[in-house]
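Here's the structure we're looking at; comments come further down.
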Amino acid sequence: MACRSACCCGFGPVNEDNARFVMLALLIIIYLLCGAAVFSALEHPKEKQAKEKWAQRFEQFSQRHNLSKSDLEKFLRHYEEANVAGIRVDVLRPRWDFTGAFYFVGTVVSTIGFGMTTPATVGGKVFLIFYGLIGCAATILFFNLFLERIITVLAYVLKSCHELKRRRNGVAPQDSGTAAVRGPPSDSLSGWKPSVYCVMLILCVAAVAISCCASAMYSAVEGWAYLDSLYFCFVAFSTIGFGDMVSSQRAANGNQSAYRLGNFLFILMGVCCIYSLFNVISIVIKQVLNWLLRKIEVPCRHCPRKAFNPRRNAVVPGHLRVRRNISIDTDAINESETDGRRMSGEMISMRDFLAANKVNLAIMQKQLSETANGHVCPPGSSSRHNEFSRGVGALGIMNNRLAETSVDR
């Protein structure tokens, strides 16, 4: 299905990155359709029942108090306008005092956006646009830095546990400099990296623990059912923020200061943990996509048959990973052994010309990238042996840090 280079068949060049993108888009569409079918089957009967019940109550109320339907509907529209401004039937704490405004800006920059409080003035709406633009960007950067540190800590802890297990089994640890002389490379822990599945399991346990503790607090203070509290935790921690359930809004809660502090800490820890978990799960999804690409691979009839070689940034399951010759300085794939040498006097095509100069292009791209980032590596230094490779975004942070994303495996 995926060819590494351009060909004259089909609709043009299709590489494994484009094939993975198209497959992921199709799977997301199928996932959305399945989710819509399930939620429609579960919630649509309840919606019809609620509409019928409301119509009966509306009719009985208008007849009981001798009100016309138009007057009653007009009154209800006024209440909806007041509801948008934060007016409720139950007594609630002020929405726009300093603590309420701080809670609001927290939901803005974290992209939760419960919707229970919204600016009503023109100045507030204009200020929100610029405030959210900078605040959301800074918060996403904070989440990425948190992900970087939590992956580093988990890698250190898992590596220490792995080393302790080896010592208990009687395997003496070796340094990276003497591993090649004293024993096989498998005895060295210098290039050891944790599995993405172990990291995902730890983050799952942490997310469940935080959600259970927070749900116990919300059930006791807000009076919610424990299952409803778990539902609120997932909606809030994943920054979905429907707004049907919002914490710290009742005015009758005792010891408000301690409860608001606990609510803030739980939401902060939960959002960071769930954000990290989502990004680790995306690595597993990428593994599944690569496995599916291998299963449905269809070679082109007009192109020479080659094995499916994933690119450097592809995440492939361990048992399907193929060893390749990678240049230390450029991380470029050396395919001269499989392509063969060109006979003297034979004309070279544009495709072969670009392939022959790909090492020079890779060196140029690497130098430009290092110059732009302000980190120029000395000549001869190896980027493969760097423990943490550079990258942009969450996938760039986790690149080459877990066993399933390492180019050395």
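So the values come out like this:
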| quantity | calculated |
| --- | --- |
| Additional length obtainable on full extension of the chain from LEU26 to GLU52, 0.36 nm per residue less Cα span | 5.6 nm |
| Pairs of Lys in region 50-142 closer than 24 Å at Cα, counting only those 8 or more apart or on different chains | 4 |
| Distance between modelled label sites at ALA37 and MET217, nm, 7 Å Cα→Cβ extension | 4.1 nm |
| Kirkwood-based Rg to Rh ratio, region 86-133, C-alpha trace | 0.97 |
| Computed E for ILE240/PHE61 - FRET, C-beta separation, R0 30 angstrom, nearest 0.05 | 0.30 |
| Hull shadow area, averaged, region 9-87 [alpha-carbon convex hull, nm²] | 10.5 nm² |
| Accessible area (Å², 1.4 Å probe, nearest 10) - GLU81 | 120 Å² |
| Length-normalised contact order for region 39-160 - Cα pairs under 8 Å, 6+ apart - percent | 17 percent |
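The values are calculated or read from the model by the stated rules, or taken from the named source; none is laboratory data. In this text the structure is predicted, and so the values were computed from the model without any measurement. Here Cβ is always computed from backbone atoms with ideal geometry, including for glycine, and neighbour counts include all displayed protein chains. With ligands, DNA and RNA removed, areas are computed over all heavy atoms of the protein, side chains included. Shrake-Rupley method; radii C 1.70, N 1.55, O 1.52, S 1.80 Å.
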